Structure formats: structure tokens, C-alpha cells
Amino acid sequence: MSEDKKLHNHNQNAEKMIEKMPENKDFEKVSALFQLISDPTRLKIMWLLCHCEECVNDIACAVNMSAPAVSHHLRLLKQAGLLSSRREGKEMYYKLSDDAQAQLLHRSIDDIFDIQCPINN
């Protein structure tokens, strides 16, 4: 912190928090994640895949889009680590990843939509 910009001492531990503040690249990563799921179609796909594993064609039907358009959204979500996939014959199936970040989003999505997830019951 520069000499001309000093924290006011309000006894709120601001200096300690500022010392522990993540780097800008970390904030950019989180911002990109929120931008990714701010798209209504991707959010709808995420909601569906939080609750079941589905193939591209069934997801396309559920969100009323073409399979190529859905594949584009799935690719972005998978690149972000939110989805995992498996191939069975010619079909590719997608579901929510098991990592902590994806599971936190799952719980958040359920809470926001005020639904009880059948997977957790």
C-alpha cells in the first residue's frame, strides 16, 4: 500500500484481510466462472445436469435448442471443470463434476430455485 493511501484504523482488521487478499488472477477466474453460468441457457443446462446424467440430444430437447448449440454450451461448462462426460457407443453423456466447486454451485442452484434435490434425498 502506498504512503499516500493509508487505511483508517476502525479496528476491523482490514490490514490482515488485505494481506490475505487473493491475487487479481484469482478474482478474474471467479468472475469468469460467474459470467459462464450467468447465461440462462447454460444455467438451465447446469440445473438439469445437477440432477441427472443426460446425452446431448436429450439436453437439446429439454432446453429447446439444436444439438450443436447445446454442444457448444457443454464444451464451455466442461472446460471450466463443471461437467464431466462419458461416451457410450455413439452417445456422449454429461453430468455435474464431482469437484467441490461444481458441488457448491449445485447446492447454490438448488437453494436459489428452492428445490429439494432428489440426489441428496
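The values are calculated or read from the model by the stated rules, or taken from the named source; none is laboratory data. Computed from a prediction, not measured in an experiment: that's the story for all the values here. Please note: Cβ atoms are built from the backbone with ideal geometry, for glycine as well, and neighbour counts cover all protein chains shown. Heads up: the accessible areas ignore ligands, DNA and RNA and are worked out on the full protein's heavy atoms, side chains in. Shrake-Rupley method; radii C 1.70, N 1.55, O 1.52, S 1.80 Å.
Structure summary
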{"read-out": "Surface accessible to a 1.4 Å probe, R75 within the full protein complex, Å²", "value": "120"}
{"read-out": "Structure-derived volume of the Cα convex hull per residue in Å³: which label, when the choices are (i) 142; (ii) 104; (iii) 157", "value": "(iii)"}
{"read-out": "Rounded to whole Hz, the Karplus (6.51, -1.76, 1.60) HN-Hα couplings of region 103-108, x for glycine and proline", "value": "5, 5, 4, 4, 4, 5"}
{"read-out": "Phi to ³J(HN,Hα) by Karplus 6.51 cos²θ - 1.76 cosθ + 1.60 over region 29-36, Hz, x for Gly, Pro", "value": "5, 5, 4, 4, 5, 5, 5, 4"}
{"read-out": "Placed amide H near M92: partners under 5 Å, 5+ positions off or other chain", "value": "V56"}
{"read-out": "Whole-Hz couplings from phi, Karplus 6.51/-1.76/1.60, listed for region 13-28; x for Gly and Pro", "value": "6, 4, 4, 5, 5, 5, 5, 9, 4, x, 6, 4, 4, 5, 5, 5"}
{"read-out": "Total charge dipole magnitude, region 35-121, about the Cα centre, Cβ charges on Lys, Arg, Asp, Glu only, Debye to nearest 20", "value": "320"}
{"read-out": "Positive-pole candidate from A67, A100, V30, dipole of the chain, charges at beta carbon", "value": "A67"}
{"read-out": "Cut-off under 5 Å, modelled amide H: who pairs with C117 long-range", "value": "none"}
{"read-out": "Mean residue ellipticity (222 nm) of the chain, computed from DSSP H runs ≥ 4 via -39,500 (n - 2.57), nearest 500", "value": "-17000 deg cm²/dmol"}
{"read-out": "Accessible heavy-atom area order of V70, V30, V56, highest first, probe of 1.4 Å", "value": "V30, V56, V70"}
{"read-out": "Non-local Lys pairs in the chain, i.e. 8 or more apart or on different chains, that have alpha carbons under 19 Å apart", "value": "10"}
{"read-out": "Fraction of accessible area attributable to carbon and sulfur, the chain (%, probe 1.4 Å)", "value": "52"}
